[in-house]
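Visitor: Shown below is the structure under consideration.
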Amino acid sequence: MGHEIYLDNAATTPVHPGVAEAVMECMLHDFGNPSSLHRMGLRADKKLKEARERIALALGVDAEGVFFTSGGTEANNLAIIGTALARKREGRHCITTQIEHPSVLNTFKYLEKEGWEVTYLPVNRDGVVSPDDVRRAIRPDTVLVSIMHVNNEIGSIQPIQEIGRLLKAQGNSPVFHVDAVQSFGKLDIKPVQWGIDLLSISGHKIHAPKGIGALYMRKGVKIHPLQWGGGQERGVRSGTENMPGIVGFGEAVRWLEEVDRDYLYRLKGILVAELTEKVPWAVINGPPPEKGAPHILSVSFPGIRGEVMLHALEEKGVYVGTGSACSSRRGHMSHVLEAIGAKKDVAQGAIRLSLSYLNTEDEMRQAARIIEQCVKELEGFVRR
Amino acid sequence: MERVALLRYGEIHLKGLNRPYFERALYNNIVKALEPYEGVTVRKAEGRYYVENIGDDPRVFDSIAKVFGIISFSPALKVEKDVVAIQKAAEVLLREAMEAQAASQKETFTFKVESRRSDKSFYLNSMELSRKVGGYLLRRIPNLKVDVHNPMMTVNVEVREWAYVYCQIIPGAGGMPVGTNGKAVLLLSGGIDSPVAGWMIAKRGVEVTAVHYHSFPYTSERSKEKVIDLCRILSQYCGEIKLHVVPFTKIQQELYQKCPHNMLTILMRRFMMRIAEVVAHKEDAKALVTGESLGQVASQTIESLCATNDAVSMPVFRPLIGMDKIEIMDLARRIGTYETSILPYEDCCTIFVPKHPVTRPKLEKVREAEKLVEGEKLIEEAVANIEVLNIKG
């Protein structure tokens, strides 16, 4: 096997060498606890501030609004349960979509068990929710609307700006939470201008290590903390700060300032063109490639099971995903593909190709070639 | 006062002149099972084994409970042949036992003392010794009462080359020492049944070698890891297992392309048996073992089993043949393979599973269908590419 091509960046990304260096430095030298009173503590505290400011800058928000968490899942839990608990006297109705990440869906499932009501909005064939549906779902007791920016399985982009605007026009103004784990670093996000109250992001999807994420909170929004301790992160999220993770996160965000945002769309364009030329019967799931996120492409070869394709590709050094990493081990159909009305053989045949700034144009061509090879080898063994 | 374990063996007694051979094998297996515990020693005595220098690691007893050939064992205290030492040991054990049973200090706890002496030169006879130990315990521990008919706890005292005191008799794994009854090849899938079948055959003293059929990319690397994990659990009972991973994709694809689809499963199983037989010959094994249970699925009807048997000349052992799924699952839980067996790793071989499999295949038709592929060549190629892994617990 020659060169390995990693196209599962929506699952996780390799840590950027510069980021790894910064993390190493932090672990070996600036290892202090930011809460310590001595010089080592101060040094760590400075690093913490720097990273916070980096991330705030990237989002165009105040640094005070950025709260570090252990990752996207915790940020989503904190946003949803934290809001529900803080506003339970005002109402117990929430709105979300059918295609959210499990860390949002299952959190709402938990709230339902605890007596909240949740509306799960449908999406169209492209995997996009309609702002009108959101407007119609709002009730006087709606306290939270949680909608993802980019879907992790098919890359559809939700009309966040529009939804934010219409929510602000509401009298009771529900809290607006956006799961931006897949879009952060790839698409523009303007929480302030778009009327976003809470926004979740994660480090390991943008070349920082695993175990670090953040929740942005607009000033004035109140949430109930989910863990108690030394009052770090201004009491929102107690626990000694994960300094190596935070420093790595900050460094990754700094590096992303330098990259050419259009690069991913160029890569995706090449991949789609090559792939559709080589395997014309391939089905692209979700939005048309140019309308979806720049780094996610869901494609099906009906009749060939996604997992089989995945393993055949790995044998040839190409790593892809099937839907989200969390669901690829379960036998049943992806809830996202079901929501966009995909037929059974299309849904079972889906693989997800997800790109990063570290991939090359040549890799796109090679990957398309290898996919074609695998399809040819496997198409004779379609279940009759 | 030293912590030891006293191991009793059962069926070996039945063997006449072979007895030393069985005893030696069991000794070796106990030593191997206890290898991970530093300092622990094993000693053979008349009719039993002693595990000594146990220290305070309770996992030693878990390991002992997994050695086939041991019928029961007792954690014991080994002391000088002296009444005072025996009395003190009895007190320690009885207090521990009461604590373990959470017997409150207020309630009456009943016990009796049973003594045996193989050392007849000991200055007290069994009755006298029991009385002395019992009397001492009654003086030392409050709310204790003797009940010779139905005691809550029996304190056993044995006077041999040393004196041994114990309260518990724990059932062992039973069966016969692994390796004393030849060798067999186990067809091991990632499912619930086949590990249990392997365990049952090993219990009868058979050394187990495993074959697993791997159909990458239809089954993943993870499902292979799962089989390795199952071998690891089994090897705690049967010692190191040699696992043969057979590449099986090409055979499945050929069958799929060339043979009638309703016979795919039965044909596939015939190929599996044949390959297992080739491995058996190489490994000097004398039988094949499968996890089949009569009527469980289409490939396990009498007709299907006949058609599978027809592919090989070696005897095929099916220890689960008369068991219900529930019984097999219970046993899998007891052995410890269940949780691993049910891990849901993708098995996309389902495309090779016929939608309507034959349940009563006609042997001639199966043989005919099989001729549509180049069997010999396929088997040769699969066997040549076997990956061998030695797996230990």
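Visitor: Just the number, please: percent antiparallel of the DSSP beta bridges in the protein assembly as shown, rounded to the nearest 5. Show your work: numbers first, answer last.
Guide: Numbers: 52 of 99 bridges.
Antiparallel bridges make up about 55 percent of those DSSP assigns within the protein assembly as shown.
Visitor: I've got another one for you. What are the ³J(HN,Hα) couplings of segment A:228-241, residue after residue, when phi is run through the Karplus curve with 6.51, -1.76, 1.60 and θ = phi - 60°? Round to Hz, x for glycine and proline.
Guide: Running phi through 6.51 cos²θ - 1.76 cosθ + 1.60 with θ = phi - 60° gives 10, x, x, x, 5, 6, 6, x, 6, 8, 5, x, 3, 4 Hz.
Visitor: Divide the volume of the convex hull of the Cα atoms of segment B:1-169 by its number of residues and quote the answer in cubic angstrom per residue.
Guide: Values: hull volume 20.8 nm³, N = 169.
That works out to 123 Å³ per residue.
Visitor: Calculate, for B:R95 and A:D62, the FRET efficiency according to 1/(1 + (r/R0)^6) with r their C-beta to C-beta distance and R0 60 Å; round to the nearest 0.05. Please list the in-between numbers first.
Guide: Values: r = 66 Å, r/R0 = 1.09.
Taking R0 as 60 Å, the efficiency between B:R95 and A:D62 is 0.35.
Visitor: Report, by chain and number, residues whose modeled amide H sits under 5 Å from the one on B:D310, excluding near sequence neighbours (fewer than 5 apart, same chain).
Guide: none
Visitor: Translational D (Stokes-Einstein, µm²/s) of segment A:1-117 at 10 °C and 1.306 mPa s when Rh comes from the Kirkwood sum over C-alpha pairs? Before the final figure, lay out each step's value.
Guide: Values: Rh = 17.9 Å.
The diffusion coefficient I find is 89 µm²/s.
Visitor: Still on this structure: If amide hydrogens are placed 1.01 Å from N in the peptide plane, which non-local residues have theirs closer than 5 Å to the one on B:I70?
Guide: Under 5 Å from the amide H of B:I70 lie the amide H atoms of B:A173, B:G174, each far enough along the sequence or on another chain.
Visitor: Greater than 22 Å separation of Cα atoms is the criterion. Which listed pairs, A:K278/B:K250; A:K278/A:K376; A:K190/A:K291, meet it? Present the calculation step by step, with values, prior to reporting the outcome.
Guide: Values: A:K278/B:K250 25 Å; A:K278/A:K376 10 Å; A:K190/A:K291 19 Å.
Cα-Cα > 22 Å for A:K278/B:K250; rest within.
Visitor: What whole number of Å gives the distance from the Cα centroid of segment B:76-90 to the Cα centroid of segment A:250-270?
Guide: After rounding, the separation between the Cα centres reads 77 Å.
Visitor: Rounded to the nearest 500, what is chain A's calculated 222 nm mean residue ellipticity when only DSSP H runs of at least 4 contribute -39500 (n - 2.57) each, over all residues? Don't skip to the end; give the middle numbers.
Guide: Working: 13 runs with 151 residues, N = 384.
When only DSSP H runs of four or more count, the value is -12000 deg cm²/dmol.
Visitor: Step through the residues of segment B:122-136 one at a time and calculate ³J(HN,Hα) from phi using the Karplus curve (6.51 cos²θ - 1.76 cosθ + 1.60, θ = phi - 60°), rounding each to whole Hz and writing x for Gly and Pro.
Guide: Once rounded to whole Hz, the list reads 4, 6, 10, 8, 4, 4, 5, 5, 4, 4, 4, 5, x, x, 4.
Visitor: Report the Cα-based extents of segment B:95-208 along its three principal axes, largest first, to the nearest Å.
Guide: So the extents along the principal axes, rounded to whole Å, are 60, 40, 22.
Visitor: Residues with beta-carbon under 12 Å from that of A:L275, excluding A:L275: net charge, scoring Lys, Arg +1 and Asp, Glu -1? Could you put the intermediate results ahead of the total?
Guide: On the way: positive: A:K268, A:K278, A:R365, A:R369; negative: A:E274, A:E277, A:E372.
Charge balance in the 12 Å sphere: +1.
Visitor: Taking amide H positions as placed in the peptide plane 1.01 Å from N, state which residues far from A:A350 in sequence (5 or more) or on other chains have amide H under 5 Å from it.
Guide: Here A:G306 satisfy the definition.
Visitor: Separate question: What spacing in nm lies between the two simple spin-label points modelled at B:R59 and B:N143, each 7 Å away from Cα in the Cβ direction?
Guide: According to this spin-label approximation, the distance is 3.6 nm.
Visitor: Hey, another quick one. Using label points projected 7 Å from each Cα along Cα→Cβ, tell me how many nm separate B:E221 and B:E381, to one decimal.
Guide: 2.4
Visitor: Can you give the FRET efficiency to the nearest 0.05 for B:S313 and B:S72, using r as the Cβ-Cβ distance and R₀ = 41 Å? Please report the intermediate quantities before stating the final value.
Guide: Numbers: r = 40 Å, r/R0 = 0.98.
FRET efficiency, B:S313 to B:S72: 0.55.
Visitor: Distance from the Cα centre of segment A:190-241 to that of segment B:284-315, in angstrom?
Guide: 60
Visitor: Something else now. If one computes P(r) from the Cα atoms of chain A, what percent of pairs lie at distances over 26 Å?
Guide: On the way: 38693 of 73536 pairs.
So the portion of pairs separated by more than 26 Å is 53 percent.
Visitor: What does DSSP give for segment B:1-169 in terms of the percent of beta bridges that are antiparallel, rounded to the nearest 5?
Guide: 70
Visitor: By a straight-distance test (C-alpha under 17 Å), which aspartates and glutamates pair with A:K186 as possible cross-link partners, with residues fewer than eight away in the same chain excluded?
Guide: Output for A:K186: A:D8, A:E153, A:E251, A:E257, A:E258, A:D260, A:D262, A:E290.
Visitor: To continue, here is another question. Provide the percentage of antiparallel DSSP beta bridges, counting only those with both residues in chain A; round to the nearest 5. Please report the intermediate quantities before stating the final value.
Guide: Working: 19 of 39 bridges.
The antiparallel proportion sits near 50 percent.
Visitor: Using θ = phi - 60° and the Karplus form 6.51 cos²θ - 1.76 cosθ + 1.60, what ³J(HN,Hα) does each residue of segment A:122-130 get, whole Hz, x for Gly and Pro?
Guide: x, 10, 7, 4, 7, x, 10, 7, 9
Visitor: Please give, to one decimal in nm, the separation of the simple spin-label points placed at B:I302 and B:D324, each 7 Å out from Cα toward the Cβ.
Guide: Going from the B:I302 label point to the B:D324 one covers 2.2 nm.
Visitor: Exposure proxy check: A:Y216, A:Y110 ranked by fewest other beta carbons within 10 Å? Don't skip to the answer; put the middle values down first.
Guide: Values: A:Y216 28, A:Y110 14.
Least crowded to most crowded, the residues run A:Y110, A:Y216.
Visitor: What 222 nm value per residue comes from the helices of chain B, counting each DSSP H run with n ≥ 4 as -39,500 (n - 2.57) and dividing by all residues, nearest 500 deg cm²/dmol? Could you put the intermediate results ahead of the total?
Guide: Details: 13 runs with 154 residues, N = 393.
Computed ellipticity for chain B at 222 nm equals -12000 deg cm²/dmol.
Visitor: Stokes-Einstein D for chain B at 37 °C, 0.692 mPa s, Kirkwood Rh over Cα pairs, in µm²/s?
Guide: On the way: Rh = 23.9 Å.
In µm²/s, the coefficient is 138.
Visitor: If you stretched the chain out fully between A:E112 and A:A137, how much longer would it get, using 0.36 nm times the residue separation minus the C-alpha to C-alpha distance? Walk me through the numbers before you get to the answer.
Guide: On the way: separation 25, 0.36 × 25 = 9.00 nm, distance 1.66 nm.
Here the answer is 7.3 nm.
Visitor: Based on C-alpha coordinates, I'd like the Rg and Dmax of segment B:234-334, in Å.
Guide: Looking at segment B:234-334, its Cα Rg and Dmax stand at 15.0, 43 Å.
Visitor: Moving on. When the gyration tensor of segment B:24-106 is built from Cα positions, what are the square roots of 5 times its three eigenvalues, in whole Å, from largest to smallest?
Guide: Details: eigenvalues 142, 54, 28 Å².
Equivalent ellipsoid semi-axes, largest first: 27, 16, 12 Å.
Visitor: Could I ask something else about it? Find the percent of Cα-Cα distances in the protein assembly as shown that exceed 35 Å, and round it to a whole number. Walk me through the numbers before you get to the answer.
Guide: On the way: 188573 of 301476 pairs.
More than 35 Å apart: 63 percent of the Cα pairs in the protein assembly as shown.
Visitor: What is the fewest-to-most order of B:D229, B:D119, A:D8 by other Cβ atoms lying within 10 Å of their Cβ?
Guide: On the way: B:D229 17, B:D119 13, A:D8 22.
Least to most surrounded, the residues fall as B:D119, B:D229, A:D8.
Visitor: A 24 angstrom limit on the alpha carbon distance is what I want to check against. Which of A:K88/A:K205; A:K49/A:K205; B:K282/B:K377; B:K325/B:K392 exceed it?
Guide: Details: A:K88/A:K205 33 Å; A:K49/A:K205 22 Å; B:K282/B:K377 18 Å; B:K325/B:K392 28 Å.
Cα-Cα > 24 Å for A:K88/A:K205; B:K325/B:K392; rest within.
Visitor: Could you sort A:70-78, B:303-311 so that the peptide with the highest average Cβ count within 10 Å comes first and the rest follow in order?
Guide: Details: A:70-78: 24.1, B:303-311: 19.7.
Sorting A:70-78, B:303-311 by mean packing, highest first, produces A:70-78, B:303-311.
Visitor: Take the alpha-carbon centre of segment A:122-157, take the same for segment B:153-187, and report the distance between them in whole Å.
Guide: Taking the Cα centre of each part, segment A:122-157 and segment B:153-187 sit 65 Å apart.
Visitor: Rounded to two decimals, what ratio of Rg to Rh does segment B:181-389 give with C-alpha atoms and a Kirkwood Rh?
Guide: On the way: Rg = 15.9 Å, Rh = 17.1 Å.
My calculation puts Rg/Rh at 0.93.
Visitor: Could you work out the local net charge near B:S115, counting Lys and Arg as +1, Asp and Glu as -1, over the other residues with Cβ closer than 13 Å to its Cβ? Don't skip to the answer; put the middle values down first.
Guide: Working: positive: B:K81, B:K112, B:R116, B:R117, B:K120, B:R131, B:K132, B:R160; negative: B:E114, B:D119, B:E128, B:E158.
Here the charged neighbours net out to +4.
Visitor: Where Lys and Arg each count +1 and Asp and Glu each count -1, what net charge lies around A:L166 among other residues with Cβ under 13 Å from its Cβ? The partial results should precede the final answer.
Guide: On the way: positive: A:R135, A:R136, A:R165, A:K168; negative: A:D132, A:D133, A:E162.
Once all neighbours under 13 Å are counted, the net charge is +1.
Visitor: I would also like to ask the following. Roughly how crowded by other chains is peptide A:300-309, in terms of the mean Cβ count from those chains within 10 Å of each of its Cβ atoms? All intermediate terms of the calculation are to be shown ahead of the outcome.
Guide: On the way: counts 0, 0, 0, 1, 2, 6, 2, 8, 10, 2.
Partner Cβ neighbours, averaged per residue: 3.
Where a number appears in this text, it was derived from the coordinates with a stated rule and is not lab data. Fair warning: this is a prediction, and the values are worked out from it, not measured in the lab. With ideal geometry, Cβ positions are generated from the backbone for all residues, glycine too; neighbour counts draw on all protein chains shown.
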